[in-house]
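**Student:** Dropping the structure in here first, questions after.
The values are calculated or read from the model by the stated rules, or taken from the named source; none is laboratory data. Keep in mind it's a predicted model, so treat the numbers as computed, not measured. When we count neighbours, we look across all protein chains shown, and the Cβ atoms used for this are built from the backbone with ideal geometry, even at glycine.
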C-alpha cells in the first residue's frame, strides 16, 4: 500500500473539508406575506405547506408567515412577489381589475358551488394561462374560497333592487355586476370593509360566510342571501430570483408543493372554514339568512349576462378564444363536482 507523503496531507485535508460544504444546500427563510388576519383559516394551510417544505428539504428551506399586511397592502402583493419585498405572497386575482383577465374567469358569478373541487378545477385550468399572465413571478398554485353571498342591511331578492345601492364588491368582476344593475361599487379591501359599512359608505357587501364574523361585519349587516353568488380566485406567488437561487433538490421540493393536490388542500381547508360560518350566522339573534326561489335565482343569473360578455371581450383581447376557455373551465368544474347547475 503506497504511503501518503507529508506533501499530500494538506491537499487531501482541504479536499475532504470541501466535500460537506459542496453537498450542503444553502438555507432559505422564505417570507410569506398575507393581508388577512392571523386567525384566518388560510394560514392553517400556509403552516402545513411550510412545515412540509421544511421536512422535504431537511430544514434548509423554511417559511415564515407575515399576516395582516405587515409587509404591504393587499393590492400590492403581486408586485411585492415580483420585486422581492416578500418571497411568497397571497393575491386575489381580481383585486386589480383587468390585469389578469383569464384569472378573473374564476370570479364570474354563479359559476361554481364549492371550494374543494372548485380549487382543483380552477388551478388545473389556469396553469396554462398563468404562464403568460404571471410571467414575472412563479405561480405556485391557484384556488378559490367557499362561495360567498350578499350580506346587507336590508333584505334583497331581485337584481333590480341593486339600483341606487352602494355595495362593497369582492373583486372587479362583481363590481361590474353591481354597476350594470344600477348600483355603486365601493372599492375597499377586506380589512377595510367593516369601516365602509359602519360609516355608511356601503349598504351591502359580497363576502364569504365565516369571514363575516372574522372581520366583525356581522355587527353592521343583518340580512344574508343564501345562494352561491360567486367565489374569489387567488394564487400563491413566489419570487423568481429567490426560487432560482435554490439548488436543484430544493427546487424539486418547492415544485412538489406547487401542484394541483396542494391547490385542493388549500381550497378545502379554507372552504370548510368559511362554510361553517353559515350556521353560526343563522344562530345569531337579529340575523336573517334566506334562500331565493328558482325564479329569483334565474333572474340573478340572467342579469349576469353582461358581465360574462365583458369578460369574454377582455379575454379575446389577450388572444384567447373566450368560448373555448370558459367551456374548458366549466368542464373542469364538472369533473370535480363543483359546477353551478
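**Student:** Exactly one condition in (1) farther than 18 Å from residue 267 by Cα; (2) buried (at least 20 other Cβ atoms within 10 Å of the Cβ) is not met by residue 40; state its number.
**Tutor:** Just one mismatch for residue 40, condition (1).
**Student:** Separate question: For residue 94, only one of the following conditions fails: (1) closer than 30 Å to residue 241 by Cα; (2) touching a strand residue (DSSP E or B) at 6+ places or on another chain (Cβ under 7 Å); (3) outside any loop (DSSP other than H, G, I, E, B). What is its number?
**Tutor:** (3)
**Student:** Please verify whether the range 130-140 includes one or more residues that are more than 19 Å from residue 311 (Cβ to Cβ) and free of Cβ contacts under 8 Å to residues at least 60 places away in the same chain.
**Tutor:** Yes, that holds for at least one residue.
**Student:** Still on this model: In this structure, is residue 16 modelled with pLDDT of 95 or more and over 15 Å from the mean Cα position of the chain (by Cα)?
**Tutor:** It is false that residue 16 is modelled with pLDDT of 95 or more and over 15 Å from the mean Cα position of the chain (by Cα).
**Student:** Based on this model, can you work out whether residue 144 counts as within 27 Å of residue 279 (Cα to Cα), surrounded by 20 or more Cβ atoms within 10 Å (Cβ to Cβ) and in contact (Cβ under 8 Å) with a residue 60 or more places away in the chain?
**Tutor:** In short, yes.
**Student:** From the list 135, 142, which residue is modelled with pLDDT of 95 or more and not in a loop (DSSP other than H, G, I, E, B)?
**Tutor:** Answer to the check: 142.
**Student:** Being in contact with a helix residue (DSSP H, G or I) (Cβ under 7 Å, 6 or more places away or on another chain) and over 18 Å from residue 95 (Cα atoms) is the filter here; which residues of the range 42-66 pass it?
**Tutor:** Selection gives 44, 45, 49, 53, 56, 57, 60, 61, 62, 63, 65.
**Student:** Against the conditions (1) under 24 Å from the mean Cα position of the chain (by Cα); (2) crowded, with 18+ Cβ neighbours inside 10 Å, where does residue 250 fall short? Just the number, please.
**Tutor:** (1)
**Student:** Something else now. Answer yes or no as to whether residue 81 is in contact with a strand residue (DSSP E or B) (Cβ under 6 Å, 6 or more places away or on another chain), assigned to a loop (DSSP other than H, G, I, E, B) and buried (at least 22 other Cβ atoms within 10 Å of the Cβ).
**Tutor:** So residue 81 fails the test.
**Student:** Of the numbered conditions (1) more than 30 Å from residue 212 (Cβ to Cβ); (2) surrounded by fewer than 20 Cβ atoms within 10 Å (Cβ to Cβ), residue 61 satisfies every one except a single condition; which is it?
**Tutor:** (2)
**Student:** Continuing with this model, one more query. Test of understanding: among 335, 280, 317, which residue is loosely packed, with under 13 Cβ neighbours inside 10 Å, touching a residue at least 12 places away in the same chain (Cβ under 8 Å) and either within 23 Å of residue 104 (Cβ to Cβ) or touching a helix residue (DSSP H, G or I) at 6+ places or on another chain (Cβ under 9 Å) (or both)?
**Tutor:** Unique residue meeting the criteria: 317.
**Student:** Does residue 161 meet the test of being surrounded by fewer than 24 Cβ atoms within 10 Å (Cβ to Cβ), free of Cβ contacts under 8 Å to residues at least 12 places away in the same chain and within 29 Å of residue 222 (Cα to Cα)?
**Tutor:** So residue 161 passes the test.
**Student:** If I ask for residues that are assigned to a helix (DSSP H, G or I), at pLDDT 95 or above and either more than 25 Å from residue 286 (Cβ to Cβ) or in contact with a helix residue (DSSP H, G or I) (Cβ under 8 Å, 6 or more places away or on another chain) (or both), which ones from the range 147-173 would you list?
**Tutor:** 159, 160, 162
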